[in-house]
Amino acid sequence: MYSLLALQVASVFFSIAVSSISFGILSLLFVLKILSNPDKIKDLRTTLDLFFLAFVTVEILSAIFSDYKFEAFYHARRVLLILVFYTAILVFKDARQIYNTILGLGIVAAIVSVIEIVVYYIRPDIVWLGVFQISMTAGELKMIILLLLFPLYLDREISFRKRALTLLIMAPIYLTFLLTFVRSAWLGFAVGLLAVVLLRYRYFFPGWVFLVVVFYLFFPLKYRYSQLSDVAKSETTVARYMVWKTGIRMFTHKPLLGYGDIDLYKVYVKFRPNPEPDERHGHLHNNFIMWLVLFGIVGFAVLSGLFIKMLIDMFAFYKNFASVPLLRDFILAGIGVFFSFHISGIFEWSFGDAEIMTIFWFVLGLVYSINKNFKVRDGA
């Protein structure tokens with residue numbers, strides 16, 4: 001199960017097919033494991049269980065009351081990815097195992113990034129780097145893996161050799177992260193890393209400022225804006241404003257349970273006929289507005305409660321393990337990923353992206369496994 005989980009998460013960087021097949025086999029093994037030993041259920045219990053159960057219920061209810069029931073039930077399969085969270089709790093029992101897994105994911109991402117760099121420079125027609133996925137997904141995947149690795153580089157109690165190896169792995173990932181030109185992921189990464197820095201590694205604050213300056217200077221090069229303020233006037237920015245505004249109108253039409261988990265474009269055009277080309281998508285480029293429109297105020301409240309509880313838990317975990325190298329870094333990485341995911345989610349429907357949610361639930365499951373399976377004296 002560990003090998004399948006590692007393969008599922010690693011393959012989101014290069015093949016959604018491999019990731020999906022791995023997940024299918026893993027899910028079957030997970031169910032068989034629980035059926036053969038029901039006592040395992042108590043080992044998997046967390047403070048998030050009722051929220052997850054409530055979300056599954058909301059998905060079902062919103063589908064029942066949707067005008068597009070079949071499609072809503074079909075897309076509701078996204079709840080199955082929550083099994084990644086529980087599988088991580090089940091399989092991670094050793095700090096070195098977690099460290100090697102994160103390092104392995106970083107190596108895979110680095111190899112993919114090297115391939116992307118080569119393709120990017122021999123293919124002048126590529127504007128935004130996205131060889132194995134669309135650039136938006138690639139940018140957010142790189143955002144998450146960088147935040148997983150960064151605390152292992154910043155922790156001075158980890159050996160110099162290991163920190164140097166981490167930096168070497170991050171280098172090509174960071175370069176290709178820049179080349180995706182995904183503004184939302186850049187902002188999410190900056191906020192997530194700032195959370196890590198302020199919580200423990202304040203000595204790196206000048207380094208954080210340097211990385212932000214790189215984003216600031218690098219961004220206009222591709223978009224050819226005379227100044228960064230021109231971003232507010234760009235077509236994609238205006239399109240996002242319009243889809244958010246229209247999304248709120250859609251929410252007020254079905255406020256309780258929403259439209260169900262569907263492609264929203266067919267509903268969108270009823271509220272905004274003849275939209276601009278950049279508005280012609282099945283989503284609204286914002287996690288929070290999408291929750292309101294798809295699942296109504298009930299679903300929004302459930303998901304908000306889930307993530308608020310998750311953040312409270314992770315701060316408590318960090319307090320408990322703050323004196324333990326590696327374990328505290330894994331938790332800090334989880335906190336950084338949490339902030340980055342929600343900040344980038346202001347501008348994209350990342351909650352609806354299977355690749356992003358696979359690695360997101362994995363990271364959060366890893367953090368909760370530390371609280372479930374480790375004592376403070378472990379992992380030193």
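The values are calculated or read from the model by the stated rules, or taken from the named source; none is laboratory data. Since the structure is predicted, the reported quantities are computational estimates derived from the model, not experimental observations. FYI the Cβ positions are ideal-geometry reconstructions off the backbone, even for glycines, and counts take in every protein chain you see.
Tabulated results
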{"item": "Residues (surrounded by 21 or more Cβ atoms within 10 Å (Cβ to Cβ) and either part of a loop (DSSP other than H, G, I, E, B) or free of Cβ contacts under 8 Å to residues at least 60 places away in the same chain (or both)) located in the stretch 91-104", "result": "Phe92"}
{"item": "Residue list for the stretch 149-170, restricted to those being more than 27 Å from Gly345 (Cβ to Cβ) and assigned to a helix (DSSP H, G or I)", "result": "Phe160, Arg161, Lys162, Arg163, Ala164, Leu165, Leu167, Leu168"}
{"item": "Among the candidates Val9, Val79, residue that is touching a residue at least 60 places away in the same chain (Cβ under 8 Å) and in contact with a helix residue (DSSP H, G or I) (Cβ under 8 Å, 6 or more places away or on another chain)", "result": "Val9"}
{"item": "So Leu178, is it surrounded by fewer than 24 Cβ atoms within 10 Å (Cβ to Cβ), in a helix (DSSP H, G or I) and touching a residue at least 40 places away in the same chain (Cβ under 8 Å)", "result": "yes"}
{"item": "Single residue of the stretch 159-191 satisfying the filter (of a type in the set (S, T, N, Q) and over 15 Å from the mean Cα position of the chain (by Cα)) that is farthest from Ala110 (Cα to Cα)", "result": "Ser159"}
{"item": "Residue within the stretch 266-289 that is under 24 Å from Leu83 (Cβ atoms) and modelled with pLDDT of 95 or more present", "result": "yes"}
{"item": "Condition met for Ile145 (crowded, with 23+ Cβ neighbours inside 10 Å, among the β-branched types (Val, Ile, Thr) and modelled with pLDDT of 95 or more)", "result": "yes"}
{"item": "Wholly enclosed helices (runs of 4 or more DSSP H) of the stretch 1-90 bearing at least 2 residues under 24 Å from Ser369 (Cβ atoms) and modelled with pLDDT of 95 or more", "result": "2-10, 16-36, 49-64"}
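Every residue, every condition in (1) farther than 21 Å from Leu141 by Cβ; (2) in contact with a helix residue (DSSP H, G or I) (Cβ under 8 Å, 6 or more places away or on another chain); (3) loosely packed, with under 13 Cβ neighbours inside 10 Å; (4) in contact (Cβ under 8 Å) with a residue 40 or more places away in the chain, yes or no:
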{"residue": "Met1", "(1), (2), (3), (4)": "yes, yes, no, yes"}
{"residue": "Leu5", "(1), (2), (3), (4)": "no, yes, no, yes"}
{"residue": "Phe13", "(1), (2), (3), (4)": "no, yes, no, yes"}
{"residue": "Ser27", "(1), (2), (3), (4)": "yes, yes, no, yes"}
{"residue": "Ile34", "(1), (2), (3), (4)": "yes, yes, no, no"}
{"residue": "Asp43", "(1), (2), (3), (4)": "yes, yes, yes, yes"}
